[in-house]
Amino acid sequence: MFEKKSKSEITERILKVNELLRKEMGGILLREFTTPENVIVTVTRADTSPNLQQAKIYISVMPEERGAEILKLLERDVYDMQQVLNKRLNMRPVPRIEWFLEEKKREAQTIEEILDKIKEDK
């Protein structure tokens with residue numbers, strides 16, 4: 001019979017898959033994706049669904065104002081990148097990739113700037 005997995009085992013697997021996806025997609029972006037000149041794209045994190053069917057891949061773009069442009073290019077090329085990922089990963093299912101701009105780092109930076117301003121004002 002099938003053995004039921006504990007919640008911690010499932011959570012641990014998701015965390016491992018997230019890290020694997022972050023590294024692999026970073027490598028794919030570096031080697032397979034042609035970015036416009038003077039633009040840096042970094043994979044910041046991956047967030048995989050519990051059933052491993054989908055994964056949100058978050059990117060950071062420098063300069064930030066080029067983020068929407070890069071996101072469109074990635075969405076256009078997602079099929080090709082998905083094929084590369086499918087060949088590299090020895091797992092089934094391989095999650096379907098969706099691209100998102102990283103907002104958390106920007107929010108943290110904004111909070112840091114506000115705190116610095118408050119310190120200066122005192």
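Take Ala46 and decide whether it is surrounded by 14 or more Cβ atoms within 10 Å (Cβ to Cβ) and not in a loop (DSSP other than H, G, I, E, B).
Numbers: surrounded by 14 or more Cβ atoms within 10 Å (Cβ to Cβ): yes; not in a loop (DSSP other than H, G, I, E, B): yes.
When the stated conditions are applied, Ala46 passes them.
So, in region 89-122, of the ones that are at pLDDT 90 or above and out of contact with any Phe, Trp or Tyr (no Cβ under 9 Å at 6 or more places or on another chain), which residue ends up farthest from Leu71 (Cα to Cα)? Out of the qualifying residues, it is Pro95.
So that you can scan it fast, the table gives a plain yes or no per residue for (1) more than 16 Å from the chain's Cα centre (by Cα); (2) part of a helix (DSSP H, G or I); (3) β-branched (Val, Ile, Thr):
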position: Ser60; (1), (2), (3): no, no, no
position: Gly67; (1), (2), (3): no, yes, no
position: Glu75; (1), (2), (3): no, yes, no
position: Leu85; (1), (2), (3): no, yes, no
position: Met91; (1), (2), (3): yes, no, no
position: Ile97; (1), (2), (3): no, no, yes
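Could you say whether any residue in region 55-64 is surrounded by 12 or more Cβ atoms within 10 Å (Cβ to Cβ), over 13 Å from Met25 (Cα atoms) and β-branched (Val, Ile, Thr)? Scanning region 55-64 turns up at least one residue that is surrounded by 12 or more Cβ atoms within 10 Å (Cβ to Cβ), over 13 Å from Met25 (Cα atoms) and β-branched (Val, Ile, Thr).
Given the criteria closer than 29 Å to Thr11 by Cα and either more than 16 Å from the chain's Cα centre (by Cα) or modelled with pLDDT under 90 (or both), does Asn51 qualify? Give the steps one after another, and end with the answer.
Working: closer than 29 Å to Thr11 by Cα: yes; either more than 16 Å from the chain's Cα centre (by Cα) or modelled with pLDDT under 90 (or both): yes.
The answer is yes for Asn51.
Among the residues of region 22-35, some residue qualifies, meaning at least one is charged (D, E, K, R) and modelled with pLDDT under 90.
The values are calculated or read from the model by the stated rules, or taken from the named source; none is laboratory data. Quantities reported herein were computed from a predicted structural model and do not represent experimental measurements. All Cβ positions, glycine included, derive from the backbone under ideal geometry; neighbour counts span all protein chains shown.
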